[in-house]
Amino acid sequence: MEKQEVPIWEKANLTIDEAAAYFGIGTNKLREITSNPDCEFVIRVGAKRLIKRKKFERYLEDVDTV
């Protein structure tokens, strides 16, 4: 059975690399933004960080500069 790829704009959670490509933000900047333990748009799975796409979109709308 072939694994179906979900389009990035339909994914609820994105990896750092996917989020960098989707939002046009560098991976280092994303790691910096998501390093806060109280960050509301990050899910930590072990050492891996997943970014909640919709919450991060709202965050970007509310900040002046990234």
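We did not get these values from a lab; they are worked out from the coordinates using the rules stated. Keep in mind the model is a prediction, meaning the values are calculated, not measured. Using ideal geometry, Cβ is built from the backbone for each residue, glycine included, and neighbour counts are taken over all protein chains shown.
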Under 5 Å from the placed amide H of Asn13, counting only residues 5+ away or on other chains, we find Arg53
The helix 53-62 Cα axis meets the longest alpha-carbon principal axis of the chain at an angle in degrees, between 0 and 90 and rounded to 10, of 30
Checking rank on 3-9, 54-60, 23-29, with mean other Cβ inside 10 Å and highest first, the result is 54-60, 23-29, 3-9
For the chain, whose charge dipole is built from +1 on Lys and Arg Cβ atoms and -1 on Asp and Glu Cβ atoms, the candidate among Ile25, Gly46, Ala12 with its Cα farthest towards the positive end is Gly46
Once the mean of 1/r over all distinct C-alpha pairs in the chain is inverted, the Kirkwood radius in Å reads 12.5
For 12-20, 37-45, ranked highest to lowest by mean beta-carbon neighbours within 10 Å, the order is 12-20, 37-45
Toy charge model, Lys and Arg Cβ at +1, Asp and Glu Cβ at -1: the chain dipole around Cα centroid in debye, rounded to 20, equals 260
